[in-house]
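> Mind having a look at this structure? Questions to follow.
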Protein chains: 4
Amino acid sequence: MRDKITVALIGAGRIGLEHAKNLASFPEVQVALVCDPVIEAAKRVSPLARAAGITDAPEEVFARGDIEAVVVCTPTNTHAEMIERAATSKKAVFCEKPVALDLKRTREALEVVRANGVPFQIGFQRRFDTGYAEAKRRLDAGALGRIDQFRAVGRDPGPPPREYLAKSGGLFIDQAIHEFDLARFLAGEVDEVYAWGAVRFSEDAAAVGDVDTATTLLRFKSGALGVIENSRRAVYGYDIVTEIFGMNGKIVVQAEPKTPLRHYSESGYQMDHFHFFMDRFGAAFRAELEAFFHCLAEGTEPSPGVADALESLKISVAATTSWKEGRPVKISEIAV
Amino acid sequence: MRDKITVALIGAGRIGLEHAKNLASFPEVQVALVCDPVIEAAKRVSPLARAAGITDAPEEVFARGDIEAVVVCTPTNTHAEMIERAATSKKAVFCEKPVALDLKRTREALEVVRANGVPFQIGFQRRFDTGYAEAKRRLDAGALGRIDQFRAVGRDPGPPPREYLAKSGGLFIDQAIHEFDLARFLAGEVDEVYAWGAVRFSEDAAAVGDVDTATTLLRFKSGALGVIENSRRAVYGYDIVTEIFGMNGKIVVQAEPKTPLRHYSESGYQMDHFHFFMDRFGAAFRAELEAFFHCLAEGTEPSPGVADALESLKISVAATTSWKEGRPVKISEIAV
Amino acid sequence: MRDKITVALIGAGRIGLEHAKNLASFPEVQVALVCDPVIEAAKRVSPLARAAGITDAPEEVFARGDIEAVVVCTPTNTHAEMIERAATSKKAVFCEKPVALDLKRTREALEVVRANGVPFQIGFQRRFDTGYAEAKRRLDAGALGRIDQFRAVGRDPGPPPREYLAKSGGLFIDQAIHEFDLARFLAGEVDEVYAWGAVRFSEDAAAVGDVDTATTLLRFKSGALGVIENSRRAVYGYDIVTEIFGMNGKIVVQAEPKTPLRHYSESGYQMDHFHFFMDRFGAAFRAELEAFFHCLAEGTEPSPGVADALESLKISVAATTSWKEGRPVKISEIAV
Amino acid sequence: MRDKITVALIGAGRIGLEHAKNLASFPEVQVALVCDPVIEAAKRVSPLARAAGITDAPEEVFARGDIEAVVVCTPTNTHAEMIERAATSKKAVFCEKPVALDLKRTREALEVVRANGVPFQIGFQRRFDTGYAEAKRRLDAGALGRIDQFRAVGRDPGPPPREYLAKSGGLFIDQAIHEFDLARFLAGEVDEVYAWGAVRFSEDAAAVGDVDTATTLLRFKSGALGVIENSRRAVYGYDIVTEIFGMNGKIVVQAEPKTPLRHYSESGYQMDHFHFFMDRFGAAFRAELEAFFHCLAEGTEPSPGVADALESLKISVAATTSWKEGRPVKISEIAV
């Protein structure tokens, strides 16, 4: 690996703060700038990244020739622009998911990445979790043989606020995309989807024309069958379970309990559950950045990359269409 | 409870043998006859039931005025006739599932049961498993509040022979009916289904026009969503998992490990898995019969009864139709 | 196996009632008599055993030439006499543990058994639990190689009444003997013990000069080290855990959860625990009797037998001595 | 918290390297110097700590007035001297365990700490593991009521080399001290110990007069009983289990499985086990340093401190004496 790589962090909100801490933990990474239009945010996050400077102007980042890579944690509706400007400036890009909420804008931005030949990685952090990464290793080693069924559940502890929901693109694009990406990562490309949705508890979801509960059937190109279950609320916490079933067995990834503690009392025994994505996937957020910088240092291609950003979004769009139109939708139908 | 109840066991095959042992374990039950057209089978099973006699003629059973109840374990295609003759003879009936493979014959037989006012119980034994029974108790006590999602998986260790498959009615009727019954038992009546099926490994299934792998979406009358996954083969054994998700939490019934033993070695630690339904649900088979005789003694109505036999089969039929026609099917569409 | 074996059940109390049910479930077993000095008890238990008759006089059992075997469930202080009379009458004996509370009386009774050459089995039922039996199979197959450490915990849900405690022989003889027997069964013969005891909660234990909490070190003849922990009270139920550690790994037998159900709520997830020995070891009670009758039918020697009854008690006596005298005690010191 | 604290890392070996990474992750910490007599080691570790400089001379560290705290990771036989010199230079001290292998030297060094009034923390990192920290919180909140029994097991994957063993102070001082510290942390002070040891597999242990397997009884001042089991080798990895049993239940801390993955195959299902202390307690190593710096920033007293370093070692010394002399040893016997 190279000794040094100079980096900028763009976006100093909640997730930017987490990335800042992780950037400080890589000895070869030097954070030159933390950039946020709210300069106070940049100021607060800067020491966590051990950053050399701060700015409220992204153009300052893009103008700096010494900055080789950017980590983009801005609001979703600015991702595509940041990616394009970074790529045009010949900087490697790590970007939080999604590139954009629609396929057209996503495709445009990724075209700029391709045209400029810069390394690109999208923030599907679950792929770097010890459980999912180990599952992938075993699958690649042929542990299950041919895969026949896939299942994932994704439940958040509670729904986001109405304003967020209104701009989120809907449950299939905002939430289920993580499960769709796991499906592709672990079981291969998807051919067709069929989705049912329901409003069970969230007036906000109803108000913005979204659902809070959904089930999506997947038919993989291999012929395998899959199913994704989602809910915007689970009182016991953050519920992420994935199962891959094949001709030689099955692998289940299910992060329980949260702590290595069993508490026995008159009512049996009790264990803790994870609360939300940062306590469940905190280590994966660090690992995905580590992998990104490793690829930059080695000159290899980061992953998940352009194709993953695009293909996983296509499934989300197809599922949304299926839910709205009440019919199976082929991924090939989805125009880009 | 009453001191004595005189019973006949009709059908001395594999499952009849299990019921015979259980009958011997109820002190109030006297098995008057074990009946099987293959008299050698009746002879072999008779001592297990501590039976007073054997016969190869069902009419002998129905003619005996002292016999109050029959346990029917004959081949599926004779169930309806046995039920009708027993009911006409005013005997209480416990019958292995299903009543018949089609709704018309099922309805006819159950009409005879109703017309004669005899107690009737169908062999959905899972309802009597300690896990499912406890889940039901907690749900009835309101532990989860409103139910929003339901999931069940049913995987057998291996597919039955082609001859069995050819007469089985197909995966949705033969295998998935157990999961459909659990869905009704735990989450309420079903309004609509949508099913996908695939042939992944079984040439026999393909040859008889059946599938070996399937996923079925359920929309409950309550608006809750459900999903059932089935496979005819799992190398690790008999895989039965059920999850009920509601506004106050979720309950998962998953029988693992098989033995209370963990084996730690260089490759981590290992636990055993159940092989098939007799090692997983052996105790439930006993418990369902115990409940049946308890109802007879108390004069209460056995459960699951006529309506359960009919309604669970309707879901199977609807799922079969959905799979064949590639569209959602309402349970109300299913003519009876 | 033989077609028929005629048996008497002596003692129709709590444990006799359980054995009665199990006796009825073996088709080859005919219970000729249920015997209890309280004839009402015999009457109540008789139908559970599908017994041909009842009596309040043990001599009636011993005089009957057609009775080949007895199952002894009388109060502990009569075990030795029942064993001797049965053996002298040339009947095979299954006897609940212990033979007697002291070694002298135990030795005398077992000498009579040996002298008369009758089959004998002592009721260490845990050896027939699926977990312990499977552990034994793996150990015998060399799964762990040389054994280096052994651990068992035995905790009852609550202490027995003072009258029972006063006659029980003390915690090491009454309770810990089950763990000592498991130690011998799974890890081999014991050379030396060292025990600490304490009164933590039971005034009754203090009043009768006993302890309610104890830890016993074991040094096996092989040089392996072991430890047994006991408590007379655990609010969460019946806590029986055993661990065998060897050069190639370890095996843990720990029966949790009680039901195959996980309940997720705001406080994490919860599972049930076993309450007492009948819900934990119910199946083992049946299996030990089944094994006994299997040996009688095959003409093989039942196990655990005379030597096990004696050797496991010796460890209990040695531990009691160690606790009282505050020093390590060799099993070879224990005079018999 | 304060904005900045200037720190030196003394010792750049295996554990120093881990601490270096963690130091870089605390934004308020500035590592002024990495010190190691092998300057190449200091050079290698320095970028991990984002250190300003390196040195091979500890006196350079102690002479620097701007350095407020030192993290000591040198070989054990230099700990006491480093502590004394740091304390005399008025620097706060975090030191890996143990202070020294004998009580006299430990007491001397800690006296210098006390005399100079500098903050001191000893590296019992397990106290900062999520499982143990949560157990402590629940115990302090009275979750178990009075504690009656305590159990810990500590097994390493394999024995250290003979040279290490020869200078380690022996199993009770080198390895079991972690379990003894957990006993004090979770169940209170110890009054008396009794230990058995054995050589089961390690010729090296035998050659240096040590054991590789041991069991230690603890009698707490509260009257509760405890037991510690140790082994220098476990083929399945790093085996650390702790159980606290009280009048209202029990708490077990047992870190399994290593990854949130279950692999089902024909031989049942398999999960991974931790390999050694860095994969099991990596996060705890970071958390203990974080707590240390938090205390410095807040002006509160770090913990575990001087008394813990001393008292836990006393138990180790008492256990060693008990093993050698074959008798129970009171902690109060241990002269300091």
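Bear in mind these aren't lab numbers, they're just calculated from the coordinates by the rules spelled out. On a predicted model such as this, the values are computed, not experimentally measured, just so you know. Methodologically, a virtual Cβ is constructed for each residue, glycine included, from the backbone with ideal geometry; neighbour enumeration extends over all protein chains shown.
> Hey, can you tell me all the residues within region D:111-126 that are part of a helix (DSSP H, G or I) and more than 14 Å from chain A (Cβ to nearest Cβ)?
D:111, D:112, D:113, D:114, D:115, D:116, D:125 - these are the residues of region D:111-126 that are part of a helix (DSSP H, G or I) and more than 14 Å from chain A (Cβ to nearest Cβ).
> Report yes if some residue within region A:138-160 is part of a helix (DSSP H, G or I), in contact with a Leu (Cβ under 8 Å, 6 or more places away or on another chain), under 14 Å from residue A:244 (Cβ atoms) and within 14 Å of chain D (Cβ to nearest Cβ); otherwise report no.
Checked against the condition, which is being part of a helix (DSSP H, G or I), in contact with a Leu (Cβ under 8 Å, 6 or more places away or on another chain), under 14 Å from residue A:244 (Cβ atoms) and within 14 Å of chain D (Cβ to nearest Cβ), region A:138-160 yields at least one hit.
> Being at the interface with chain B (Cβ under 9 Å from one of its Cβ atoms), assigned to a loop (DSSP other than H, G, I, E, B) and among the charged types (D, E, K, R) is the filter here; which residues of region A:198-230 pass it?
Scanning region A:198-230 gives A:200, A:212.
> Do you know which residues across region D:190-225 are among the β-branched types (Val, Ile, Thr) and either farther than 27 Å from residue D:164 by Cα or in contact with a strand residue (DSSP E or B) (Cβ under 8 Å, 6 or more places away or on another chain) (or both)?
Residues satisfying the conditions are D:190, D:193, D:199, D:211, D:213, D:215, D:216.
> So residue D:157 clears everything in (1) surrounded by fewer than 24 Cβ atoms within 10 Å (Cβ to Cβ); (2) out of contact with any Phe, Trp or Tyr (no Cβ under 9 Å at 6 or more places or on another chain) except one condition, right? Which one?
Tallying (1) surrounded by fewer than 24 Cβ atoms within 10 Å (Cβ to Cβ); (2) out of contact with any Phe, Trp or Tyr (no Cβ under 9 Å at 6 or more places or on another chain), residue D:157 fails exactly one: (2).
> Still on this structure, please answer the following. Sort out which residues of region C:45-89 are over 29 Å from residue C:169 (Cβ atoms), of a type outside the set (A, V, I, L, M) and in a helix (DSSP H, G or I), and write them in order of number.
C:46, C:47, C:60
> Look through region C:244-255, keep the residues that are more than 7 Å from chain B (Cβ to nearest Cβ) and surrounded by fewer than 24 Cβ atoms within 10 Å (Cβ to Cβ), and return whichever of them is farthest from residue B:263 (Cα to Cα).
C:247
> Go through (1) in a loop (DSSP other than H, G, I, E, B); (2) of a type in the set (Phe, Trp, Tyr); (3) buried (at least 22 other Cβ atoms within 10 Å of the Cβ) and name the single condition residue C:194 misses.
With respect to (1) in a loop (DSSP other than H, G, I, E, B); (2) of a type in the set (Phe, Trp, Tyr); (3) buried (at least 22 other Cβ atoms within 10 Å of the Cβ), residue C:194 is out only on (1).
> Filter region A:233-267 down to the residues that are of a type in the set (Val, Ile, Thr), under 25 Å from residue A:211 (Cα atoms) and outside any loop (DSSP other than H, G, I, E, B) and list them by number.
Listed by number, the residues that qualify are A:240, A:241, A:242.
> Next up: Take the conditions farther than 18 Å from residue A:57 by Cα and of a type in the set (Asp, Glu) and apply them to residue A:84. Does it pass?
When the stated conditions are applied, residue A:84 does not pass them.
> Here's another thing I want to ask about it. Criterion first (in contact (Cβ under 8 Å) with a residue 24 or more places away in the chain and closer than 26 Å to residue A:143 by Cβ) does residue A:293 satisfy it?
no
> Moving on to the next point. Which is under 30 Å from residue C:267 (Cβ atoms), surrounded by fewer than 23 Cβ atoms within 10 Å (Cβ to Cβ) and acidic (Asp, Glu), of D:204, D:148, D:140?
The unique qualifying residue is D:140.
> Listed residues D:171, D:165, D:218; which is under 14 Å from residue D:150 (Cα atoms) and crowded, with 22+ Cβ neighbours inside 10 Å?
So the residue among D:171, D:165, D:218 that is under 14 Å from residue D:150 (Cα atoms) and crowded, with 22+ Cβ neighbours inside 10 Å is D:218.
> Can you tell me which of B:269, B:164 is without any contact (Cβ under 8 Å) to a residue 24 or more places away in the chain and under 22 Å from the mean Cα position of the chain (by Cα)?
Residue meeting the stated conditions: B:164.
> In region B:263-281, which residues are at the interface with another protein chain (Cβ under 10 Å from one of its Cβ atoms) and either among the small types (Gly, Ala, Ser) or in contact with a helix residue (DSSP H, G or I) (Cβ under 6 Å, 6 or more places away or on another chain) (or both)?
B:265, B:267, B:268, B:274
> Within region B:282-307, restricting attention to residues that are under 25 Å from residue B:100 (Cβ atoms) and acidic (Asp, Glu), which residue is farthest from the other protein chains (Cβ to nearest Cβ)?
B:301
> Sticking with this structure for a sec: With the checklist (1) out of contact with any Asp or Glu (no Cβ under 6 Å at 6 or more places or on another chain); (2) more than 14 Å from chain A (Cβ to nearest Cβ); (3) touching a residue at least 24 places away in the same chain (Cβ under 8 Å) in hand, flag the one item residue B:321 doesn't pass.
(3)
> Among the listed residues C:227, C:252, which satisfies the condition of being of a type outside the set (Phe, Trp, Tyr) and touching a residue at least 40 places away in the same chain (Cβ under 8 Å)?
C:227
> Out of the residues in region B:272-313 meeting the condition of being under 17 Å from the mean Cα position of the chain (by Cα) and in a loop (DSSP other than H, G, I, E, B), tell me which one is nearest to residue C:147 (Cα to Cα).
Once the filter is applied, the top-ranked residue is B:276.
> One residue is enough: does region A:1-8 have a residue meeting the conditions over 21 Å from residue A:294 (Cβ atoms) and outside any strand (DSSP E or B)?
no
> Return the pairs, sorted by first residue and then second, in which the second residue is β-branched (Val, Ile, Thr) and surrounded by 21 or more Cβ atoms within 10 Å (Cβ to Cβ), the first residue lies in region C:42-53 and is at positive phi, the beta carbons are less than 8 Å apart, and the residues are 6+ apart or on different chains.
Filtered contacts from region C:42-53: C:50/C:31.
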